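Contents: one structure, followed by commentary.
The values are calculated or read from the model by the stated rules, or taken from the named source; none is laboratory data. These figures come from a predicted structure and were not determined experimentally. Glycine also receives a Cβ, built like all others from the backbone with ideal geometry; neighbour counts cover every protein chain displayed.
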Amino acid sequence: MDGKKQRMSARMMNSKVFFFFFLFLLLAAGGCARHENRLMEVTAYCGCGKCCGWERGAWKHLKLDVWNRYVSKGKQEGKKYSGLTASGTKPQKTSPGLLSGDTLAHPWTAPYRLVCPWRWFSEDGTIAADTKYYPFGTRMLVPGYGWGVVTDRGSAIKGPDRIDLYYNSHQDALDWGRKKVKVRIER
Ligand SMILES: [Zn+2]
């Protein structure tokens, strides 16, 4: 009676071990499938009129509120420029957290990061991509930029090998220029 019970539980153990092993394999395979590295042509932009195609309300659009921004070309010409991304969010540059390599590389930013609690955690930057290939919400790790998430589109950003990175200043965007880098894409 006792021996039978033991054998039973041993068999249960075996099937349990097998089950977890199977689960592990499934997760491992899933983990591998969930990201992809791709050589991409990466450019940068900021929110300025040159990058985003807007101008201050001018006589051209017969708007008297000269300080407001209007789209200067394309389908939306003459419409108010919101400054938001195509998905309706506020664009932002990627911001690495306090405990990151970036703090080590730029130690003078540590005090600033310490006193601003919202700087403790890393935040994804704004990436513009072709949403046919990368729907809004796709996360990417771009070497030299950091983590970003697709929340924007661009008229020149077409195809699976093109993305545009958001920077806070035009000079930073110019400094990035145009690079071919291996981008890690989380699926
Ligand atoms: Zn710009």
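Can you tell me which residues in the range 168-183 are within 9 Å of the ligand (Cβ to nearest atom) and of a type in the set (A, V, I, L, M)?
The answer is Ala173, Leu174.
Filter the range 21-71 down to the residues that are modelled with pLDDT of 85 or more and outside any strand (DSSP E or B), then identify the one that is farthest from the ligand (Cβ to nearest atom).
Gly53
When you go through Ser122, Ser155 one by one, which is the residue that is within 16 Å of the ligand (Cβ to nearest atom) and either over 28 Å from Trp54 (Cβ atoms) or hydroxyl-bearing (Ser, Thr, Tyr) (or both)?
Just one listed residue meets the conditions, Ser155.
Being under 11 Å from the mean Cα position of the chain (by Cα) and within 16 Å of the ligand (Cβ to nearest atom): is that true of Asp164 here?
yes
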